[in-house]
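Bear in mind these aren't lab numbers, they're just calculated from the coordinates by the rules spelled out. Computed from a prediction, not measured in an experiment: that's the story for all the values here. Every residue, glycine as well, gets a Cβ built from its backbone with ideal geometry; the counts of neighbours run over all protein chains shown.
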Amino acid sequence: MGKAWLCMADPSLEAPARETLVASRAAFEQQLAQMSSSSPEQAGSQRALARRYEDYQALLAGSPSADGHRALLSIANEMLTLALLANGSRQELPWQARMASRQRLLSQRVALLGLLSPGSEIARRERQAAIYEFEAGLQTLRTAGGAGLRDTLALADAAWVPLKDGANTSQPVPVFVASERLLTVMDTMTAHCIRMSA
């Protein structure tokens, strides 16, 4: 959502970014409504996530600014942590599906950090850490994920290179296009891994 909000400031991306933001909000709200908890800690994380999402929506109702960038990064970090806690370890899924799902989150983090405050050393360090983590995850899937993932991994690689390059140079168009493509690839990979284990 934050990526789409930032990209709406670019005239060439305003319409597709707005459409993506609307779709992302709907998908997140559906996921939030479908969450179930198996422990009091998980239930507490879900409630905290719902409250923080309200703050996120209030921020996204405004226009991007330097202060908004800092707030966006802070809230996005908190929401990521709360989402992971609220979902639990998801041990019922095969490890490849959990890894692909994690890669999906990391790709969007890289995109967001590539668009936020290009001159910020903090954003650059966080982006670099997310890039390393994403690439390590891809390598794990490549070496231990099985032959059934080979084609999907090739698609992920094809989308990852322009995303990484665009994020490192703060170019909104390649970041937006490549990160949206990578989302689709990672969703396909997650679904494939779940089917393989059924």
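Find the relative contact order for the chain and round it to a whole percent, using C-alpha pairs within less than 8 Å whose residues are 6+ positions apart. Show your work: numbers first, answer last.
Working: 202 pairs, mean separation 46.7, N = 198.
That works out to 24 percent.
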re the range 122-165: pairs of Cα atoms spaced beyond 11 Å account for a percent value of 67 percent
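What are the membrane-span-like helices in the chain by this rule: whole DSSP H runs, Cα extent along the axis at least 18 Å, mean Kyte-Doolittle hydropathy at least 0.5? Don't skip to the end; give the middle numbers.
Values: long enough: 14-34 (30 Å, -0.37); 40-60 (30 Å, -1.01); 66-87 (31 Å, 0.66); 95-115 (30 Å, -0.04); 121-144 (34 Å, -0.57); 150-168 (27 Å, -0.07); 172-197 (37 Å, 0.67).
The qualifying helices are 66-87, 172-197.
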Here the net charge surrounding Gln171, from other residues whose Cβ is less than 10 Å away from its Cβ (Lys, Arg +1; Asp, Glu -1), is -2
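State, to one decimal in nm², a quarter of the convex hull surface area for the C-alpha atoms of the chain, i.e. the direction-averaged projected area. It would help to have the intermediate numbers written out before the result.
Working: hull surface 43.4 nm².
Averaging across all directions leaves 10.8 nm² for the Cα convex hull.
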Restricting to Cα pairs under 8 Å and 6 or more apart, the percent relative contact order of the range 90-198 works out to 41 percent
Taking R0 as 22 Å and r as the Cβ-Cβ distance between Arg125 and Thr169, the FRET efficiency 1/(1 + (r/R0)^6), rounded to the nearest 0.05, comes to 0.85
Between the alpha carbon centres of the range 119-154 and the range 164-198 the gap in Å comes to 11 Å
For the range 1-88, the Cα gyration tensor yields equivalent-ellipsoid semi-axes (√(5λ), largest first, whole Å) of 26, 14, 9
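For the range 90-198, what is the convex hull volume of its Cα atoms per residue in Å³?
Working: hull volume 8.9 nm³, N = 109.
Enclosed volume per residue, from the Cα hull, is 81 Å³.
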Toy charge model, Lys and Arg Cβ at +1, Asp and Glu Cβ at -1: the chain dipole around Cα centroid in debye, rounded to 20, equals 320 debye
